[in-house]
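Worksheet for the structure shown next.
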């Protein structure tokens, strides 16, 4: 059975800023993202966000987050994670995987059976990033978790 | 609403209540979309590729079959070549 991991991050709301990202550390695996959870944790007002999950080819500058194994007995992940980005990852143009509009006061969860998830190429630094594309107002802090298997 | 057996699932929780939705992952481009309805005139349910026998998104509908796995194979081979070229020079 494949190993499963969770990568969680947070970021204050601002347009085109990434909350959390994951990227391949090597060229040996094709990780699959199968769940995304998102919500705002503080001072959420009646404003809207446009959120995007897209493919990235470089993680940018971020606080490192180690993907945590769902099974405590599993070894370390072969992916890197990043949160609270100060330098944006390099998003691949035209490769938006999932996007949605959401009120700041709402939470969102997307999940699929792992074999139907979003596959990441076995190429170094390839991965996925989850970001605010547009913010209609306010700067509340939001959190997101990406679950993948490898 | 008719979706493939292994379709995805979205849950939106807000002050107005909980909204649940079925989603599909396109086997040609990897995009995820919400399947609103299969009834005519009530949103685009996407398509079904009769070659790879998988659900595909509205944008990939009517285009030649090229599974996403094949695109990954090609991309990985290309990047491997680039790496080898860079190492050799």
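Any read-out appearing in this document is the output of simple, stated calculations on the displayed coordinates, not a laboratory observation. Everything numeric here is computed off the predicted structure, so don't read it as measured data. Please note: Cβ atoms are built from the backbone with ideal geometry, for glycine as well, and neighbour counts cover all protein chains shown.
Arrange B:34, A:65, B:82 by Cβ neighbour counts within 10 Å, fewest through most, would you?
Starting with the residue having the fewest Cβ neighbours, the order is B:82, B:34, A:65.
Taking every pair of alpha-carbon atoms in the range A:105-149, give the share separated by more than 16 Å as a whole percent. I get 56 percent for the Cα pairs in the range A:105-149 exceeding 16 Å. Note on the protein assembly as shown: along the principal axes its Cα atoms extend 58, 45, 36 Å, ordered by decreasing extent. Look at A:2, A:21, A:83 and count the other Cβ atoms within 10 Å of each Cβ; fewest to most, that gives A:2, A:83, A:21. Listed from fewest to most Cβ neighbours within 10 Å, the set A:88, B:86 follows the order B:86, A:88. For residue A:136 and residue B:61, what does the FRET efficiency come to when R0 = 45 Å and r is the distance between their Cβ atoms, rounded to the nearest 0.05? Plugging the Cβ-Cβ distance into 1/(1 + (r/R0)^6) gives 0.90. Among the residues of A:101-113, the average count of other protein chain beta-carbon atoms within 10 Å of the residue beta-carbon is 5.
Once you average over the residues of B:67-77, how many Cβ atoms of partner chains fall within 10 Å of each Cβ?
2
Calculation over all alpha carbon pairs of the range A:55-142 in 10 angstrom steps from 0 returns a P(r) of 13, 39, 40, 9, 0 percent.
222 nm [θ] for the protein assembly as shown, helices only, -39500 (n - 2.57) per DSSP H run of 4+, per residue, to 500? Mind showing how you got there, number by number?
On the way: 1 runs with 21 residues, N = 239.
Helices in the protein assembly as shown give a 222 nm mean residue ellipticity of -3000 deg cm²/dmol.
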